[in-house]
Amino acid sequence: QVQLVESGGGLVQAGGSLRLSCAASGRTYAMGWFRQAPGKEREFVAAISWSGGSTYYAGSVKGRFTISRDNAKNTMYLQMNSLKPEDTAVYYCASRKLYSGTYYEYDYDYWGQGTQVTVSS
């Protein structure tokens, strides 16, 4: 069983930055970030392979967000720069039992509780 705990969310002005962390207990393989805005379905943000050698991004965040991981600390990160009000959402980290990342929510086996990110205009 894997437990995931997100942290680092908060309130930031448009154009600002935040770094989210996802601390895992248990063996993790590929991991990802998803987000859910009020009234919307949860959507893919970014994913990373077990080695960190492959990363995947949603078009809406590419060039602004960077996903990374430190396997020695069993922790994944999401550096978010140039934040926009439309980035406001609850951000969830997820992990799956395979080595490669994926865009699809149903491919992930474990989920954190989420952390709120609010970007003011």
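Working note: Karplus 6.51/-1.76/1.60 with θ = phi - 60° gives segment 33-40 the couplings 10, 10, 9, 9, 8, x, x, 10 Hz, where Gly and Pro are set to x. In a reduced charge model with +1 at each Lys and Arg Cβ and -1 at each Asp and Glu Cβ, segment 30-121 shows a dipole moment near 160 debye about its Cα centre.
Principal axis extents of the C-alpha atoms in segment 1-93 (largest first, rounded to whole Å): 35, 24, 21. The HN-Hα couplings worked out from phi for segment 104-121 by the Karplus form 6.51 cos²θ - 1.76 cosθ + 1.60 (θ = phi - 60°) are 9, 4, 6, 7, 9, 9, 10, 9, x, 8, x, 9, 7, 10, 10, 10, 8, 8 Hz, whole numbers, x standing for Gly and Pro. Between amide H atoms placed 1.01 Å from N, distances below 5 Å from Val45 occur with Trp33, Phe34, Arg35, all of them 5 or more places distant or on a separate chain. In the full protein context, segment 1-81 carries 50 Å² of accessible surface per residue, based on a 1.4 Å probe and ignoring ligands, DNA and RNA.
Between Ser51 and Gln116, what's the calculated FRET efficiency when r is the beta-carbon distance and R0 is 25 Å? Round to 0.05.
Details: r = 30 Å, r/R0 = 1.21.
Given R0 = 25 Å and the Cβ-Cβ separation, E is 0.25.
Counting only protein heavy atoms and a probe of 1.4 Å, the accessible surface of the chain is 47% carbon and sulfur. The label point for Gln36 and the one for Ser82, both projected 7 Å from the Cα toward the Cβ, are 2.9 nm apart. Note on Ser17 and Lys97: the extension gain reaches 25.7 nm, defined as 0.36 nm multiplied by sequence separation minus the Cα-Cα distance.
Shown are Leu18, Leu98, whose ranking by accessible area with a 1.4 Å probe and every protein chain present, most to least, is Leu98, Leu18. Taking amide hydrogens as placed 1.01 Å from N in the peptide plane, the amide H of Gln3 sits under 5 Å from those of Ser25, each at least 5 positions away in sequence or on another chain.
Rounded to whole numbers, the Karplus 3J(HN,Hα) couplings from phi for segment 15-29 are x, x, 10, 9, 10, 8, 10, 9, 8, 10, 10, x, 6, 10, 10 Hz, using 6.51 cos²θ - 1.76 cosθ + 1.60 with θ = phi - 60°, and x at Gly and Pro. Summarising the amide proton neighbourhood of Arg69: residues at separation of 5 or more, or on other chains, whose placed amide H is nearer than 5 Å comprise Tyr77.
The values are calculated or read from the model by the stated rules, or taken from the named source; none is laboratory data. Predicted, not measured: the structure shown is a model, and the values here were computed from it. FYI the Cβ positions are ideal-geometry reconstructions off the backbone, even for glycines, and counts take in every protein chain you see. We work out accessible area using only protein heavy atoms, side chains counted, and drop any ligands, DNA or RNA first. Shrake-Rupley method; radii C 1.70, N 1.55, O 1.52, S 1.80 Å.
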